[in-house]
Amino acid sequence: MISASRQNSEGPAEPQPLAADDHIAPVPRISVQAFCETEQTSAAVQAASQDRRLGKAHITIKMGGMARAIETYHSQPTPNVIVLESKAGTSTPSANAAGSSRVFSAIVASARVCARTKSGHSKRSSGG
């Protein structure tokens with residue numbers, strides 16, 4: 001792994017290898033679902049999933065962003081980690097604020113769906 005550090009305030013970050021005593025532990029057996037809006041993000045998640053430290057993680061990539069995540073969790077239990085990409089922001093501060101508000105509202109809606117799914121899932125599993 002490479003970490004970045006600045007040599008001076010004007011120059012670009014220069015990669016520096018980690019010291020021999022720096023160790024990054026592998027990720028435990030978890031499930032990760034990424035909801036991407038762009039192919040670039042999807043490719044980045046795919047590339048990260050190939051890292052040997054993520055060997056035990058189960059990673060799923062779906063296109064469709066926040067809307068697809070909300071749709072998915074109406075019928076499926078939530079994973080350990082959810083990655084959401086949103087293209088709500090634009091170039092003006094007022095549009096960014098409005099976009100952020102929409103994203104926040106969508107996250108709240110998604111959390112409500114996830115909470116219902118979790119509570120419904122735990123009721124089903126405790127019944128038998």
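The values are calculated or read from the model by the stated rules, or taken from the named source; none is laboratory data. Nothing here was measured: the structure is a model prediction, and the numbers come from that model. All Cβ positions, even for glycine, are placed from backbone atoms using ideal geometry, and neighbour counts span all protein chains on display.
Go through ALA111, ALA57 for me and flag whichever is under 30 Å from PRO26 (Cβ atoms), over 12 Å from the mean Cα position of the chain (by Cα) and at pLDDT 80 or above.
On the way: ALA111 fails: at pLDDT 80 or above.
The conditions single out ALA57.
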Next on the checklist: Scan the stretch 64-74 and tell me whether some residue there is surrounded by fewer than 13 Cβ atoms within 10 Å (Cβ to Cβ) and among the β-branched types (Val, Ile, Thr).
Outcome noted: no
